[in-house]
Amino acid sequence: MNNVIVYFTGSLPQKGQPPFGGGEVGNLRTIRMLEEGGYKVVAVRRLRSNAEDSKLKNLVTYPFRTLVNITNWFFVLLFGNRKRGVAHISGFYGHTIIVETLQVFFAKLFGYKLIYELRGGGATDYFENGSVGYKKQFHYILNKADYLFSQGKENEPLLRSLCDKPIFYYPNCVQKGFYPKSLPPKPESKINLLFFGRIEKEKNPLLIVDVASLLQKQFTNITLTILGNGQHDLLTQIHSKMVEKLREGSFQLLPGCDHDKLQEVLKGKHFYIFPSTQPREGQSNAVTEVMSYGIIPVASPQGFNCSTIGCEELIVRELTAEAYFNRISSIIRNNEFEKYSRYVRTRFLNNFTEEVVFKRTIDEYATIFNKD
């Protein structure tokens, strides 16, 4: 155990409750990483809106949440150890910009070294479409921070245009024990397509069904599995379209499952179709997880897909079923599945395992504290 204390604040689950969403999962992972690296972590949970509550209730409770978030952070830092401590703010900017601006203000007021971490996507979109006040606050945060951690390389042009602070690439990673030690064999008699995750309109699940339909017209052995939870009306539309367009027995629409059960789903799949147009798309955990199983992601350029996948041939820049069909059918016809499968698996092993990301981040922390 070293003598550094990390005062960490971000979106975290209530005690005894499972994490909700990638932000809470990622923040818990960061805390565990720091503790395994020998740091003492003082976690300050940031209250957030409840997805199950109405917009009116969340709006009414916003001032209370803001006051609690700022007050808790203020007193933790006030009575904290400035000489041995660093403030690590896991930020989502956008609608949380006011809270994060005040958290940055108090961290610097009390003399702490400050790391500001940009989680999720949308930093450029928020900034370009934000008000004058928003832009001033975002600029203030970046320039008050001593170090910036960014979940996606796509953020770097914006950050470098606004400040000259060191930027550390801190991507999501896949937990050890989840991914196989070697590439699992894939069925040779079928080509199995997959989408899993939150099923939302912006993920374009209906387009995925159209892609599978086009592929079934050219190949006789195509199956499609869509797995996840979403609004009832959208799920009904997806199922109806599957019944209408796909061969009987060639498709499944399944509810979301526990993470440890996902491994069995991934073993026999060939392609992961991800035509997301979600404005705030970040680094998809699903993309790195399928890469770990040698499943080829064929994805839109949204969010951090380009820097995660690292292969232009697997990025589809047109939002049409024909464009995704052409990319996948080309790989099948040219017998290139094994080539791309091994590529994404190798890229995963070199960049997105928990071991690799943890080591790089702990090394970066050590560098930070060796500087004056």
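The values are calculated or read from the model by the stated rules, or taken from the named source; none is laboratory data. No experiment lies behind these values; they were computed from the predicted model shown. Counting neighbours? That spans all protein chains shown, and the Cβs are built from the backbone with ideal geometry, glycine included. In case anyone asks, the SASA skips ligands and DNA or RNA and just uses the protein heavy atoms, side chains included. Shrake-Rupley method; radii C 1.70, N 1.55, O 1.52, S 1.80 Å.
Over the chain, accessible surface divided per residue gives 48 Å², non-protein components excluded, 1.4 Å probe. Rounded to the nearest 10 degrees, the inclination of helix 55-78 to the longest alpha-carbon principal axis of the chain is 50 degrees. Model label points for L319 and N143, set 7 angstrom from Cα along the Cα-to-Cβ axis, are 3.6 nm apart. Subtracting the Cα-Cα distance of R82 and V42 from 0.36 nm times their residue separation leaves 13.1 nm of extension gain. Note that the stretch 346-356 has calculated 3J(HN,Hα) couplings of 5, 4, 4, 4, 7, 10, 10, 7, 4, 4, 5 Hz, one per residue in order, obtained from phi through the Karplus relation 6.51 cos²θ - 1.76 cosθ + 1.60 (θ = phi - 60°); glycine and proline are x. In the chain, helices alone account for a calculated mean residue ellipticity at 222 nm of -14500 deg cm²/dmol, with every DSSP H run of four or more residues adding -39,500 (n - 2.57). Ranked by the mean number of other Cβ atoms within 10 Å of their residues, highest first, the peptides 197-203, 16-22 come out as 197-203, 16-22. Calculate how steeply helix 97-109 sits against the longest principal axis of the alpha-carbon atoms of the chain, using the helix alpha-carbon long axis, and give the answer as 0 to 90 degrees to the nearest 10. For helix 97-109, the angle is close to 40 degrees. Working note: Karplus 6.51/-1.76/1.60 with θ = phi - 60° gives the stretch 308-318 the couplings 6, 6, x, 8, 4, 5, 9, 9, 10, 8, 10 Hz, where Gly and Pro are set to x.
Rolling a 1.4 angstrom probe over the stretch 73-191 with all protein chains present gives an accessible area of which 58% lies on carbon and sulfur atoms. For I296, the residues 5 or more places off, or on other chains, whose built amide H falls under 5 Å of its own are F271, Y272.
Remark: the E200-E355 segment gains 52.6 nm on full extension, using 0.36 nm per residue and subtracting the alpha carbon distance.
For the set D258, D164, the ranking by accessible area, highest first and with no ligand, DNA or RNA atoms included, is D164, D258 under a 1.4 Å probe. If you line up the long axis of helix 205-218 against the longest principal axis of the chain, both from Cα atoms, how many degrees apart are they, to the nearest 10? On a 0 to 90 degree scale, this one is about 30.
The trypsin sites (Lys or Arg not before Pro) of the stretch 302-345 that meet both conditions, a loop assignment by DSSP and at most 13 other Cβ atoms within 10 Å of the site Cβ, are R317. Put a dot 7 Å past the Cα of N58, heading toward its Cβ, do the same for N370, and the two dots end up 4.4 nm apart.
The spacing between the stretch 267-288 and the stretch 208-249, judged by their C-alpha centroids, is 17 Å.
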